[in-house]
Amino acid sequence: MRAAVYHGPNSVSVDEVPVPAPGPGEVLVEVGFNGICGTDLHEYFAGPIFVPDGAPHPLTGKELPLVMGHEFSGTIRDTGSGVTGWATGDRVAVEPVYRCGACPPCKAGHYNICQSIGFHGLMSDGGMARFTTVPDYMLHRLPDSVSLELGALVEPMSVAYHATTLADLHPGDTALVFGAGPIGIGVFQALRGQGIENTLVVEPSATRRAAIERLGARTVDPAAVDVPALVADETGGAMADAAFDAAGVAAAVRTALASVGARRPTVAVAIYEKPLETPLLELVMHESRIQGSLCYTGVDFEAVIALMAEGRYDTTGWVEKIGLAQVVEDGFEALHRGEKMKVLIDPVG
């Protein structure tokens, strides 16, 4: 089969590789679509970062080179020994987290921060291929009303959804979302799905503002508007009940901290490539806080799938599909140039 194989920085090739066979407790998934994640871009242009290089990952035993891809959906085509409750033909979204089950976070039920965490497609051969094998504990059933295209978005939308659960918001509250890329879009749609209608998206790019506005968002350009002053005016000085940083830049963090109310959170869901100078005095004076958010759990996956089944997620204007052969130029390179927002790979295209 053809697969997008990561060899190192600026080196991904579509190679012929063997079709994997499912081992005990595993299933063979025929991939429907696989999304290119911001993490994949970091690996391609600046890695290896998460991909093991020089020593195998402790949970998977894999290292460079690897088939990429951790945001995917598909159809079960075979099952290994010991697999129960799953059968050939079942349509699934894959929660691509390897966890040890023995460290303190795992024992506490927070395997998304496992001390040995691994990701399918970063620490093992992943979904940018016609077939891939995964442990059966990674599987989530897709209802008939959720397409494989939407199913490939369950993973990134679960990253966003998990962040919203850490903010303790309720209908009628005010939320700010910084950044209108795929995760920012996911945060907005998750908030709306939970009844948080009073959300303002802060985004300097006119193209990205237009994309999320088509989904029903209200936006503001931080270069043209004093965001904290606007929030103060609209809330009678109470400020926002939560802010979500999906931008990952210092200006967004500063503005978010100046815009949240007393004892309220700024949830960091971006990937920060370098340390940022942070005005901690804002936290001290208002007893507000910065809350980190990493990945998701199965609860988040199921919540996103349920919202998708209700028609709560719209891909209009921000999701594009390409064939596997175009993964570098129309995928990695186009995303890096800012020409596209979200790309799904069709492995047979």
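The values are calculated or read from the model by the stated rules, or taken from the named source; none is laboratory data. All values reported here derive from a predicted model rather than from experimental measurement. In this analysis, Cβ positions are derived from the backbone assuming ideal geometry, glycine residues included, and neighbour counts consider all displayed protein chains. Calculation scope for accessible area: heavy atoms of the full protein, side chains included, ligands and nucleic acids excluded. Shrake-Rupley method; radii C 1.70, N 1.55, O 1.52, S 1.80 Å.
Mind telling me which of the residues Ala246, Ala175, Ala217 ends up being within 17 Å of Thr315 (Cα to Cα), small (Gly, Ala, Ser) and either in contact with a Phe, Trp or Tyr (Cβ under 8 Å, 6 or more places away or on another chain) or buried (at least 19 other Cβ atoms within 10 Å of the Cβ) (or both)?
It is Ala217.
Looking only at segment 90-98, decide whether some residue is open to solvent by 10 Å² or more (accessible area, probe 1.4 Å) and either within 30 Å of Ser288 (Cα to Cα) or touching a residue at least 60 places away in the same chain (Cβ under 8 Å) (or both).
yes
Taking segment 188-210 as the search range and keeping residues that are of a type in the set (Ser, Thr, Tyr) and not in a loop (DSSP other than H, G, I, E, B), which one is farthest from Gly338 (Cα to Cα)?
Checking each candidate, the answer is Thr199.
Can you report the number of residues in segment 99-116 which are buried (at least 18 other Cβ atoms within 10 Å of the Cβ) and assigned to a loop (DSSP other than H, G, I, E, B)?
Of the residues in segment 99-116, 2 are buried (at least 18 other Cβ atoms within 10 Å of the Cβ) and assigned to a loop (DSSP other than H, G, I, E, B).
Tally the residues that are assigned to a helix (DSSP H, G or I), without any contact (Cβ under 8 Å) to a residue 60 or more places away in the chain and open to solvent by less than 20 Å² (accessible area, probe 1.4 Å), restricting the search to segment 302-346.
Of the residues in that region, 1 qualify.
Do we find that Thr39 is modelled with pLDDT under 95, within 23 Å of the chain's Cα centre (by Cα) and either on the phi > 0 side of the Ramachandran plot or open to solvent by less than 60 Å² (accessible area, probe 1.4 Å) (or both) in this structure?
In short, yes.
Among the residues of segment 1-23 satisfying the criterion of being out of contact with any Phe, Trp or Tyr (no Cβ under 9 Å at 6 or more places or on another chain) and within 24 Å of Ser81 (Cα to Cα), which is surrounded by the fewest Cβ atoms within 10 Å (Cβ to Cβ)?
That would be Pro18.
So which of Thr266, Thr255, Thr297 ends up being farther than 20 Å from His162 by Cβ and either of a type in the set (Val, Ile, Thr) or open to solvent by 40 Å² or more (accessible area, probe 1.4 Å) (or both)?
The match here is Thr255.
Output the residues belonging to segment 56-108 that are small (Gly, Ala, Ser) and more than 20 Å from Val31 (Cα to Cα).
Residues satisfying the conditions are Gly61, Ser81, Gly82, Gly101, Ala102, Ala108.
Filter segment 58-74 down to the residues that are touching a Ser or Thr at 6+ places or on another chain (Cβ under 9 Å) and open to solvent by less than 20 Å² (accessible area, probe 1.4 Å), then identify the one that is farthest from Val146 (Cα to Cα).
Leu66
Mind listing just one residue for me: the one in segment 119-161 that is of a type in the set (D, E, K, R) and within 19 Å of Met68 (Cα to Cα) and, of those, most open to solvent (accessible area, probe 1.4 Å)?
Out of the qualifying residues, it is Arg130.
Looking only at segment 75-89, filter to residues that are in a strand (DSSP E or B) and either open to solvent by 60 Å² or more (accessible area, probe 1.4 Å) or free of Cβ contacts under 8 Å to residues at least 40 places away in the same chain (or both); which one of those is farthest from Ser147 (Cα to Cα)?
Ranking the candidates gives Asp78 first.
Just checking, does segment 119-139 include any residue being in contact with a Cys (Cβ under 8 Å, 6 or more places away or on another chain), of a type in the set (D, E, K, R) and assigned to a loop (DSSP other than H, G, I, E, B)?
No - not one qualifying residue is present in segment 119-139.
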